[in-house]
1. Give segment 147-190 a look and list any residue that's in a loop (DSSP other than H, G, I, E, B), farther than 20 Å from Ile98 by Cα and either touching a Phe, Trp or Tyr at 6+ places or on another chain (Cβ under 7 Å) or of a type in the set (Asp, Glu) (or both), or say none.
2. Just checking, which of Glu89, Glu155, Glu148 is buried (at least 17 other Cβ atoms within 10 Å of the Cβ) and farther than 30 Å from Ser361 by Cβ?
3. Quick check: is even one residue across segment 325-335 surrounded by fewer than 22 Cβ atoms within 10 Å (Cβ to Cβ) and of a type outside the set (S, T, N, Q)?
4. Just the residues that are over 18 Å from Gln238 (Cβ atoms) and either of a type in the set (Val, Ile, Thr) or in contact with a strand residue (DSSP E or B) (Cβ under 9 Å, 6 or more places away or on another chain) (or both), please, taken from segment 185-218.
5. Checking the condition surrounded by fewer than 18 Cβ atoms within 10 Å (Cβ to Cβ), in contact (Cβ under 8 Å) with a residue 12 or more places away in the chain and farther than 24 Å from His313 by Cβ, which residue from Lys241, Lys221, Lys209 passes?
6. Check segment 388-397 and report whether any residue there is buried (at least 22 other Cβ atoms within 10 Å of the Cβ) and in contact with an Asp or Glu (Cβ under 6 Å, 6 or more places away or on another chain).
7. Give me a count of the residues in segment 199-239 that are assigned to a loop (DSSP other than H, G, I, E, B) and more than 23 Å from Pro302 (Cα to Cα).
8. When the residues of segment 353-398 are narrowed to those that are assigned to a helix (DSSP H, G or I) and among the charged types (D, E, K, R), which ends up nearest to Pro317 (Cα to Cα)?
Amino acid sequence: MAKRTIVSLPGDGIGKNVLEETIRVLDAAGFDAEYVEGDIGWEFWRSEGNPLPQRTIDLLEKHKVALFGAITSKPKDAAFEELAPGLQEKGLVYSSPIVGLRQHFGLDICLRPCKSYIGNPLNFVKRGVGDVIDEPAVDVAIFRQNTEGLYGGVEWSDPPEKVYDALMTHPKFVKNFGDTPKEEISVSTRIFTKKATERILRAAFDHAKKYGYKSVTVCEKPNVIRETSGMMYKMAQQIQKEEYPNIELWNTNIDAQMMWLTKNPETYGVIVAGNMFGDIVSDGFAGLIGGLGFACSAQFNPDSGVAVFEPTHGSAPKYADYEISIVNPIAMIESACMMLDFINENGIAAKIRKAVAEVISEGKVRTYDMMKMSGRADVVEKGAASTTQMADAVIAKL
């Protein structure tokens, strides 16, 4: 078999640290690949006015699969101030390069699995009957629609006349905002299409069927956001009835779900939601399995085969400046395992996951978050494992 080429996108901050260690783990596990590095992130926004250069898009067009570290994103005014002086007169506006990748390649399916490891001191616990401490096993796969909804980018401040006139045709807009001066109004749209909604629902049901989950939960807000959330749940009902009768369909509101996930997280299997609510609920479940140091993700387009795998934590630039990297690389390592599954290297993925599980269960090597320390530069001196030491421990188990 020809050597696989993977696009490496370190990005900003700690993304560079965790990706470097993850590639070491992949090498040790026997994954034979060549890595080509792509330019992405804040450095390229500041120097070129584009955090996602065309040359990086071309790399992914060619090689299809990427491992992505993390990016730094800042508000509009702060981003403008950091542009090189010669670029500030060109009317450039910062936009997230990862959102740009999603939209350019149609990476509309996002999967964020949240599965607890035995022995992780950060696992969620609750007090059961007779004051017994219960540590429920969490195993949830969250499917998040990735390109539409509130992250679709269709928004205005002081909307154009045509947009404002269209809004004024809606009686509730007239009643609630008709007396507000147009220049004082900002609008962010939440657009769902049937095509994209059906894709994410089918991906969720297919995953439940393939991996033996008993339920799919639509986590939205159809009692208030009737058109978009309502459409998703109605379509889910039809798909479940006609094609997946053996999988239960549950319906929860996002606000109630955030309460229930700490009450009975073990009862949920696959969850599917739009972009914003999927973002919220996946972070909520990630907190039950140890936090963002354990939260991995995949975003992909089944038609084109383009896929990007990344931890869901941010770039944490202050940690990147430490002389010794202290961040937990497990989320990035798990994201790489998702990549291996995607390209049918399931055996290597299973081997790495087993090694990670053994390190966590053994409990001898723990990063600062696992030791419940504040993320200070001196945590390694106090007994926490560095990023490199955690990767070394996984490699030793391999």
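The values are calculated or read from the model by the stated rules, or taken from the named source; none is laboratory data. Keep in mind that what you see is a predicted model, and the values were worked out from it rather than measured. Note: ideal-geometry Cβ built from the backbone for every residue, glycine included; neighbour counts use all protein chains shown.
1. Step one: list which residues in segment 147-190 are in a loop (DSSP other than H, G, I, E, B), which gives 147-148, 153-154, 158-160, 168-170, 178-181, 185, 189-190.
Checking the rest, the ones that are also farther than 20 Å from Ile98 by Cα come to 158-160, 168-170, 178-181, 185.
The answer is Asp158, Asp179, Ile185.
2. Values: Glu89 fails: buried (at least 17 other Cβ atoms within 10 Å of the Cβ); Glu155 fails: buried (at least 17 other Cβ atoms within 10 Å of the Cβ).
None of the other options fit; the residue is Glu148.
3. Within segment 325-335, none of the residues are surrounded by fewer than 22 Cβ atoms within 10 Å (Cβ to Cβ) and of a type outside the set (S, T, N, Q).
4. At the first step, the residues of segment 185-218 found to be over 18 Å from Gln238 (Cβ atoms) are 185-191, 207, 210-214.
Once the filter is applied, which keeps residues that are over 18 Å from Gln238 (Cβ atoms) and either of a type in the set (Val, Ile, Thr) or in contact with a strand residue (DSSP E or B) (Cβ under 9 Å, 6 or more places away or on another chain) (or both), segment 185-218 yields Ile185, Ser186, Val187, Ser188, Thr189, Arg190, Ile191, His207, Tyr211, Tyr213, Lys214.
5. Values: Lys241 fails: in contact (Cβ under 8 Å) with a residue 12 or more places away in the chain; Lys221 fails: surrounded by fewer than 18 Cβ atoms within 10 Å (Cβ to Cβ).
None of the other options fit; the residue is Lys209.
6. First, the residues of segment 388-397 that are buried (at least 22 other Cβ atoms within 10 Å of the Cβ): 390-391, 394.
Those still in the list that are in contact with an Asp or Glu (Cβ under 6 Å, 6 or more places away or on another chain) too: 391.
Taking every residue of segment 388-397 in turn, at least one turns out to be buried (at least 22 other Cβ atoms within 10 Å of the Cβ) and in contact with an Asp or Glu (Cβ under 6 Å, 6 or more places away or on another chain).
7. To start, the set of residues in segment 199-239 that are assigned to a loop (DSSP other than H, G, I, E, B) comprises 212-214, 221-227.
From what's left, more than 23 Å from Pro302 (Cα to Cα): 214, 221-227.
Number satisfying all stated conditions: 8.
8. Going residue by residue through segment 353-398, those that are assigned to a helix (DSSP H, G or I) are 353-362, 387-397.
Now narrow it down to the ones that are among the charged types (D, E, K, R): 353-354, 358, 362, 392, 397.
Working: Arg353: 28, Lys354: 31, Glu358: 30, Glu362: 30, Asp392: 23, Lys397: 30 Å.
For segment 353-398, the residue satisfying everything is Asp392.
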